[in-house]
Amino acid sequence: MSLDELYRQVIMDHYQHPRNVGTLPEGAVSVRLRNPTCGDTVELYLAVEGDRIAAARFRGEGCSISMASASMMTEAVTGQRVTEARELAENFRRMLRGEPVDEGRLGDLAVFSGVSRFPMRIKCATLAFQALEQGLEEWGGGSSGEAHASDHGEGEA
Ligand code: ZN
């Protein structure tokens with residue numbers, strides 16, 4: 001089995017059996033984003049405790065790449081420090097721009113490296129990470145008790 005084929009299987013597995021699907025109760029940060037080129041939507045919920053992401057959930061609809069990326073992203077950031085999650089998002093973007101990155105630090109997310117060859121699909125892969133970055137921004141911007149934000153539908157047609 002080629003590496004491409006293996007990567008494709010991991011993506012299809014997450015697409016067909018997405019992890020961390022759902023929402024989080026009030027108090028969690030939520031961000032809803034849409035990728036207009038493909039029609040993917042991702043609604044991300046983050047519960048941040050101290051400087052760690054205690055839980056991440058998402059709901060959404062879209063292509064296999066966008067849904068698998070959201071599923072894998074929520075798995076990767078659960079339990080991570082906010083700074084680590086930001087770094088992960090940055091590294092992920094870098095990989096998709098075709099820039100050299102330490103793929104070991106991306107873990108399973110390295111399966112999306114091939115997407116860099118398909119410019120039309122890059123937005124699909126990065127949508128969940130954009131939501132992550134925006135969510136962490138909102139969390140950092142709000143006062144500790146009042147971190148709930150919603151209906152930030154950037155890119156809504
Ligand atoms: Zn897509």
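Answer with yes or no whether D13 is at pLDDT 95 or above and among the acidic types (D, E).
On the way: at pLDDT 95 or above: yes; among the acidic types (D, E): yes.
Yes.
Output the number of residues of region 35-51 satisfying the condition of being away from the ligand (no atom under 16 Å from the Cβ) and under 16 Å from the mean Cα position of the chain (by Cα).
Number of matching residues: 4.
Between A85, A76, A68, A110, which is in a helix (DSSP H, G or I), farther than 18 Å from Y7 by Cβ and not polar (S, T, N, Q)?
Matching residue, one of A85, A76, A68, A110: A85.
Kindly indicate whether any position in region 22-34 is within 13 Å of the chain's Cα centre (by Cα), more than 16 Å from the ligand (Cβ to nearest atom) and either surrounded by 16 or more Cβ atoms within 10 Å (Cβ to Cβ) or touching a residue at least 24 places away in the same chain (Cβ under 8 Å) (or both).
yes
Please identify the pairs in which a residue from region 109-130 that is within 20 Å of Y45 (Cα to Cα) has its Cβ atom under 7 Å from the Cβ atom of a residue that is at pLDDT 95 or above and among the basic types (K, R), counting only partners at least 6 apart or on another chain.
T126/R93; F129/R93
Does F92 fit the bill of being within 16 Å of the ligand (Cβ to nearest atom), touching a residue at least 60 places away in the same chain (Cβ under 8 Å) and crowded, with 20+ Cβ neighbours inside 10 Å? Lay out the reasoning, then the answer.
Values: within 16 Å of the ligand (Cβ to nearest atom): yes; touching a residue at least 60 places away in the same chain (Cβ under 8 Å): no; crowded, with 20+ Cβ neighbours inside 10 Å: yes.
So F92 fails the test.
Would you mind telling me which numbered condition in (1) out of contact with any strand residue (DSSP E or B) (no Cβ under 8 Å at 6 or more places or on another chain); (2) in a helix (DSSP H, G or I); (3) more than 16 Å from the ligand (Cβ to nearest atom); (4) modelled with pLDDT of 95 or more E5 fails?
(4)
The values are calculated or read from the model by the stated rules, or taken from the named source; none is laboratory data. Only a predicted model underlies this, so the values are computations on that prediction, with no experimental measurement involved. Neighbour counts are summed over all protein chains in view; Cβ atoms, including those assigned to glycine, are modelled from backbone coordinates with ideal geometry.
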